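One structure below.
Any read-out appearing in this document is the output of simple, stated calculations on the displayed coordinates, not a laboratory observation. As the structure is a computational prediction, the values presented were derived from the model and not from experiment. FYI the Cβ positions are ideal-geometry reconstructions off the backbone, even for glycines, and counts take in every protein chain you see.
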Amino acid sequence: MVSFLIVTMSIFHFPFKRFSKNQIDHEAKYDPIIKSRNSAQDSLLNQLGKSLNIKEYKKAKKASWGYYQAKLKEFNVDYKKYQNEHKFLGRSNFKFWLFQFGIILGWFYFSVRSLIYDLGSEIKTGHEYMSMISVSLCLLYFYHLFFKTAVDFYDETYLIFEIIASVIAMMFVFRLVKYYSIKESKIKTLLELVFRIKRDHYRDMTVKALYAEKYGKSVDSIETVRNQSNKFDRDVKETVEKVIK
């Protein structure tokens, strides 16, 4: 159950609201202000040449524009206040913060699981290094999510981390190439054994067996069937020992 909650945490943000009620109610005041401002400007323009001369029109237009600009400024100040009230740990809202937290948490879960598996595996392919990078990245983003609430890391922080990650990635590539080189060598050794069995061991023992079956006696040879059998067993044993090293 805990694992399920960790992996699915990023979808638990849906009940929370992106905007608060104060933000929504306050944002509804924006359009009326703009419409009122444009209506006032149009009204002054219609009065130009009738009840207002050019000088009076410019003065009235400037006063009207300044009035509505002041109202818009007041609107932005209040909206900014409601935004700050709805923020959570530097993010615009708790919904967005929880979504990010859930993604990083799920990533962290599988990274740790992968690292435990890689470290416990008898066959080392170098993937434990990539798991270490993944776990480190998760911890970096957890720190950013909880403590870097207003500013980002310095560029030098990312640069140092990239250098460290690149060195670890080089170790991963080296270990992976080494693993597949050894694997290829083992496959080649086993194939050589198969060819030797077919070319040497199987052929000699088959000839002796067919001769004995046909003539009712064994082939006069320095190398007996027992010796050939021992030679075959020794070859298989030595090959297996090379492969499992």
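Of note:
- Label-point separation, ILE103 to PHE75 (7 Å along Cα→Cβ), nm: 3.2
- Length gained on full extension, LEU45 to VAL7: 7.5 nm, using 0.36 nm per residue less the C-alpha separation.
- Tail weight of P(r) past 17 Å, computed on alpha-carbon pairs of segment 19-92, percent: 54
- Extension gain for the segment GLU238 to TYR179, taken as residue separation times 0.36 nm less the Cα-Cα distance, is 19.1 nm to one decimal.
- Where N is the number of residues in segment 52-177, Cα Rg divided by 2.2 N^0.38 Å: 1.91
- 3J(HN,Hα) along segment 66-82: x, 4, 6, 5, 5, 5, 5, 5, 5, 4, 5, 5, 5, 5, 5, 5, 5 Hz, from the Karplus curve 6.51 cos²θ - 1.76 cosθ + 1.60 with θ = phi - 60°, whole Hz, x for Gly and Pro.
- Take the Cα of ARG113, step 7 Å toward its Cβ, do the same at TYR143, and the gap between the two points is 2.6 nm.
- Theoretical gain in end-to-end length, ASN84 to SER121 [0.36 nm per residue, Cα-Cα removed]: 8.4 nm
- In this structure, the pairs whose alpha-carbon distance is over 26 Å, taken from LYS186/LYS237; LYS80/LYS148; LYS29/LYS148; LYS73/LYS95, are LYS29/LYS148; LYS73/LYS95.
- Positive minus negative residues near LYS124 (Lys, Arg vs Asp, Glu; Cβ under 11 Å): -1
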